[in-house]
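Quick notes on the structure that follows.
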Amino acid sequence: MAEAAPSPRRDDTGRPDELKKVHRTETKTKTLAEAKRQGPTLDLVKADTRVRTFIRSANAQTGAIGYTEHGERHANTAADGARFILKSLGHEPRRCEVAAVAAYLHDIGNVVTREKHGQTGAIIAKDILEDLGFDIEEIAVIMGAIANHEEAEGGLPVSAVSAAVIIADKSDVHRSRVRNPKTTAFDIHDRVNYAATASEIKVSRKEKLITLELSVDTEVAPIMEYFEIFLPRMMLSRRAAEFLHCNFALVINTTRLL
Ligand SMILES: [Fe+2]
Ligand SMILES: [Fe+2]
């Protein structure tokens, strides 16, 4: 059975309770000593030539077999989301950074094959993160998170970082991910993604609630199609939220469905 996530620290931030996901977090300037103490960051990972090449190639290859966008846009959105979820729940900054790294790399295994891309991705990430100077304990957490992000591959939340990666990944449903230029040739995946005109993660630390809010154009895809595709993903997101001691809510067009 999965081990429970460590409890977040007491809220002493004085911030408003409900936080909304921001799309990009700003980079702060650090002293050299601070940077060394904090360890390698997401920025270092993003700048690595292997990471850039593998993610771009993985995106091209998933495109060639008809999948939606799986490139740097998706990696950045997932990284921002995972960091945001743990930060909002009061987890320590280093764990939030580790979650952002794991989320950024979660689909890198698509550079090998789509099948089992979670597992291949974990192995690919290990070598790169070792070279970049990540602590081996952090690498272990990141490997588990990458290998467990996919519902179709039996993925389950195995740590707080893994839970945050799952929710951030599954919540990236958006029109901009569709690559098929012909709306008349859309399959159900294209239709459901194309129908989503806005998606937002909200976290209420006080209510212990993580909400995915979607705006769906029901003329493009009926809500039933959304469920047909996304129910297993939402079930995994719910398990991930529970791992973080939260409930999970799905709101589509202002109606709460889960
Ligand atoms: Fe994936
Ligand atoms: Fe993904």
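Nothing in this text is a laboratory measurement; each read-out follows from the coordinates by a stated rule. Nothing here was measured: the structure is a model prediction, and the numbers come from that model. Virtual Cβ from ideal backbone geometry, glycine too; neighbours counted across all protein chains shown.
Assorted remarks:
- Cβ-derived FRET efficiency at R0 30 Å, Ala185 paired with Leu258, nearest 0.05: 0.45
- FRET efficiency for Ser57 and Arg175, using Cβ-Cβ distance with R0 set to 22 Å, rounded to 0.05: 0.35
- At R0 = 22 Å, FRET efficiency that the Cβ-Cβ distance of Glu200 and Glu228 yields, to 0.05: 0.45
- Summarising the strand pairing of the chain, around 70 percent of its internal DSSP beta bridges are antiparallel.
- Relative contact order of the chain, pairs being alpha-carbon contacts under 8 Å that are 6 or more residues apart, as %: 20 percent
- The slack in the chain from Ile123 to Asn247, taken as 0.36 nm per residue of separation less the alpha-carbon distance, amounts to 41.5 nm.
- Label-point gap, in nm, between Asp43 and Arg73 - each point 7 angstrom along Cα→Cβ: 2.5 nm
- Whole-Å distance, taken between Cα centres, linking the stretch 237-256 and the stretch 63-135: 21 Å
- 5 angstrom amide H check on Ile252, placed H, neighbours 5+ away: Leu214, Leu257
- Going by neighbour counts of Cβ atoms within 10 Å, the residues Ile128, Ile142, Ile188 line up, fewest first, as Ile188, Ile128, Ile142.
- Amide H contacts under 5 Å for Leu209, placed H, 5+ residues apart: Ser204, Asn247
- When Tyr104, Tyr194 are sorted by how many other C-beta atoms sit within 10 angstrom of their C-beta, beginning with the fewest, the order is Tyr194, Tyr104.
- With a simple spin-label model that places each label point 7 Å from the Cα along the Cα-to-Cβ direction, the separation between Arg94 and Ala64 comes to 4.1 nm.
- Counted by neighbouring Cβ atoms within 10 Å, the residues His91, His106, His149 run from fewest to most as His91, His149, His106.
- Cross-link table Lys116/Lys208; Lys46/Lys182; Lys87/Lys126, entries beyond 30 Å C-alpha to C-alpha: Lys116/Lys208; Lys46/Lys182
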